[in-house]
Every structure is written in structure tokens, then in C-alpha cells.
């Protein structure tokens with residue numbers, strides 16, 4: 001596996017229609033830093049990888065190596081199965097993220113994001129107002145509200 005993050009940043013940036021300067025402003029780095037990443041002179045800070053992947057709507061794997069190693073073809077039945085599994089995951093955990101869903105279901109970024117968006121529309125989860133990357137399970141929030149009312 002060859003890491004070609006610089007080439008991929010350039011490719012995904014251009015697909016988004018961003019200049020190096022615009023990407024630098026979004027990430028709060030210099031345009032020289034973006035230029036060095038894209039030319040392969042250095043790599044972005046590891047803390048920026050989730051933000052870059054989110055911005056480009058790809059997985060971190062895709063950002064690093066340019067390929068998705070997770071099966072992406074599916075049927076409606078498989079999609080329904082993923083949604084049901086995602087609901088069970090949400091019920092078992094208070095906080096979800098696209099990356100957590102990708103790992104647990106072994107799916108790509110786009111499918112994980114779509115499942116979470118569908119779950120938001122259906123009222124199972126809500127976006128965490130404190131963090132754009134996290135989603136909160138509504139049933140846990142309701143349980144916390146009831147518990148705090150009982151304690152008062």
C-alpha cells in the first residue's frame with residue numbers, strides 16, 4: 001500500500017473546486033503548508049486528517065491511499081440491514097460519528113454519512129451542537145432528561 005496523501009489532497013481539493021489558499025483558510029494553515037503537502041515535501045498533521053476527510057467526503061483510508069478497500073456495491077436489502085444495525089449501535093451508545101459507523105459496519109464514508117443523515121431525518125439521532133462530527137442518540141437524551149426530572 002503506497003501512501004499518496006499529497007496527490008489525493010490535490011485531487012479532492014480540485015474536485016471540491018477549492019484553491020490551495022481556500023483550503024488553507026478552511027483548515028487554518030498557510031497556503032505554503034498545503035502546497036508542501038500536495039508536492040509531497042511533507043504530510044499534514046495527523047490531527048487534520050479527520051477534518052480533511054470530512055471536508056472531502058471520503059474516508060481517511062481514501063485520503064491516504066486513494067482507494068476504498070470497503071465494498072460499496074449494495075442492494076436495498078443490504079442498506080436496510082445497515083440502517084437496522086446502525087440503530088442498534090445508536091441505542092447502545094450515547095455518541096455516534098461517521099468514523100465510528102464506518103468501523104463498526106465496515107462501510108465507506110458516503111454510506112455512513114447517508115445512514116446518519118437518514119437517522120437524523122427519522123428522529124433517532126440529532127447532530128451534536130457542540131461538534132459537527134458527532135451525533136447524539138435521542139433515546140439517551142430522553143432518558144437523561146427523565147432521570148434529571150426525577151432527581152429534582
Problem - Net length gained if the chain between residue 51 and residue 35 were fully extended (0.36 nm per residue, minus Cα distance) - result: 4.0 nm
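Do you know the relative contact order of region 5-65, to the nearest whole percent, from alpha carbon pairs under 8 angstrom that are 6+ apart? Provide the component values of the computation, followed by the final result.
Values: 57 pairs, mean separation 23.8, N = 61.
Once divided by the residue count of region 5-65, the mean separation gives 39 percent.
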Exercise for the section: Give me the distance in nm between label points sitting 7 Å out from Cα along the Cα-to-Cβ direction at residue 43 and residue 118, one decimal. Expected result: 3.4
Exercise for the section: Please list 119-125, 133-139 highest first by mean number of surrounding beta-carbon atoms within 10 Å per residue. Expected result: 133-139, 119-125
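Nearest 0.05, what FRET efficiency do residue 127 and residue 19 give at R0 = 25 Å with Cβ-Cβ as r? Don't skip to the answer; put the middle values down first.
On the way: r = 29 Å, r/R0 = 1.14.
Here the calculated transfer efficiency is 0.30.
None of the figures in this text is laboratory data; all of them are computed from the coordinates on show. As the structure is a prediction and not an experimental result, all values here were calculated from the model. Ideal geometry is used to build each Cβ from the backbone, glycine not excepted, and the neighbour counts take in all protein chains shown.
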